1. Along Cα→Cβ, 7 Å out, is where each label goes; now give me the distance between the ones at Arg377 and Glu257 in nm to one decimal.
2. I want to make sure I understand the PRE zone here: with the label point 7 angstrom from the Cα of Asp333 toward its beta carbon, which residues in the stretch 117-150 have backbone N atoms less than 17 Å away?
3. Based on the inverse mean of 1/r over its pairs of different Cα atoms, what is the Kirkwood hydrodynamic radius of the stretch 190-260, in Å?
4. Given a Förster distance of 30 Å, report the FRET efficiency between Thr367 and Ser98 from their Cβ-Cβ distance, rounded to the nearest 0.05.
5. Explain nothing, just compute: Karplus ³J(HN,Hα) = 6.51 cos²θ - 1.76 cosθ + 1.60, θ = phi - 60°, for every residue of the stretch 96-103 in order, whole Hz, x for Gly and Pro.
6. Taking the Kirkwood radius as the inverse of the mean 1/r across Cα pairs, report the Rg/Rh of the stretch 1-145.
7. Give me the number: length gained by fully extending Thr161 to Ala52, i.e. 0.36 nm times residue separation minus the C-alpha to C-alpha distance, one decimal in nm.
8. Considering the convex hull of the alpha carbon atoms of the stretch 119-160, report its projected area averaged over all viewing directions, in nm², one decimal.
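Quick note: the coordinates plus some simple rules give every number you see, no bench work behind them. Owing to the predicted nature of the structure, the values given are computational and were not obtained by experimental measurement. All Cβ positions, even for glycine, are placed from backbone atoms using ideal geometry, and neighbour counts span all protein chains on display.
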Amino acid sequence: MTLTHQPTDVRGTPRRTVLISGGGIAGPALAFWLNRYGYAVTVVEKAPALRAGGYPVDVRGTAREVARRMGILPRLRDAHIDLRRLTFLDPDGSEVASLHPHAVTGGVAGRDLEVRRGDLTEALYTAVRDDVEFLFDDAIGTLDRTAHGVDVTFRGGGGRTFDMVFGADGMHSRTREMVFGPEERFHRYLGYCFAVFTLRNTFGLSHETVMWNAPGRAAALYASGDDEVHAFLNFARPEPDWDAFRDPRAQRDLVAEVFADAGWEVPGLLAGLREAEDLFFDGAGQIRMPRWSSGRVALVGDAAYAPSFLTGQGTSLALVGAYMLAGCLADRDHVAGLAAYERETREFVTVNQGLVGQGGATLFPTTARALKQRNERLRSLSAMPSAQGNPAHSALTLPEPLPPA
């Protein structure tokens with residue numbers, strides 16, 4: 001959809017225009033709700049097309065209710081992976097415990113959903129594509145904030161003025177850097193680096209994860225189906241190796257060095273790492289900001305409050321944050337609306353970011369003693385999933401959506 005004129009509502013009043021940077025999860029979710037409330041929405045995405053595939057993500061608790069209100073819940077149920085087993089192995093490859101994944105994550109069987117990231121982004125895109133303008137293979141070049149709007153130039157050429165701009169462009173947000181400053185001001189490194197890539201499933205795994213642990217190191221195979229597996233290599237690092245973050249060859253060399261003497265299936269994973277075309281390497285970290293907005297520019301999802309993969313709540317925070325941001329702007333000006341967004345959403349964010357300590361201790365013990373204690377806890381856990389779930393996942397009761405504009 002391409003807008004060629006100043007958008008107006010049915011009463012002839014100009015609609016407020018907004019630009020969302022990022023077409024992943026938070027961006028299209030925010031676009032859905034802002035469009036519902038009468039905004040004219042443009043989404044700019046640097047990728048040339050919708051991104052398919054990707055690592056599985058969780059939709060839990062309050063976020064599940066957001067999906068229901070968007071009308072995409074049936075589609076997500078159909079795409080649910082239904083991971084059935086999580087097996088932990090000792091450094092020698094022997095089994096420590098085999099559990100239902102929810103026994104570790106605090107999820108609720110029959111309610112919480114796990115879907116491929118691409119399935120979620122496709123569902124979100126389908127829900128908004130006929131009502132929202134998408135600009136693929138482009139990005140914001142410059143932002144110039146004024147008292148009456150935000151002047152934007154695009155890297156692909158041209159410029160436009162919007163009433164508001166929203167950064168939904170991930171943990172390493174370019175929008176955040178342009179408006180709030182360098183990422184280092186807000187990035188809280190959590191002491192781990194990791195590499196994720198896909199392999200052919202030659203391991204006989206199906207709907208399960210197997211995780212090998214040694215002190216400070218972990219390797220996992222995640223089989224969402226029968227055809228391929230997601231390989232995951234994680235290791236403790238007191239300080240991130242920033243040079244490796246910028247150089248794919250350095251990333252591969254670093255991971256190979258750290259895991260050089262590892263057993264189990266790790267040698268084969270390292271061989272696959274060398275050939276992988278979809279390698280994603282990063283440090284485990286959070287984004288913590290004192291404010292999520294400045295003037296007419298605001299952040300949502302990982303750009304504002306990435307909780308890290310250790311919590312399993314990044315996707316849920318993105319969906320809930322988008323819902324809350326749009327709702328707070330539905331019947332307020334940008335000053336009051338953005339203040340309400342931060343006031344009404346921050347506690348939920350804080351509680352879920354606080355889950356990071358639990359995730360790191362369970363999945364990635366860094367010492368032999370911690371690994372032994374973790375394994376003892378795992379052996380004592382019931383194989384039955386939780387019936388209640390983690391309270392943090394549902395720590396926010398959503399306000400009812402306002403009627404469509």
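1. 3.2
2. In the stretch 117-150, the label zone of Asp333 (backbone N under 17 Å from the point 7 Å along Cα→Cβ) covers 146-150.
3. After inverting the pairwise mean of 1/r, the radius is 13.0 Å.
4. With a Förster radius of 30 Å, E is 0.80.
5. Result, rounded to whole Hz: 8, 6, 10, 10, 6, x, 5, 5.
6. Across the stretch 1-145, the Cα-based Rg/Rh ratio is 1.11.
7. The span from Thr161 to Ala52 would gain 36.1 nm if fully extended.
8. Computed as one quarter of the Cα hull surface, the answer is 4.1 nm².
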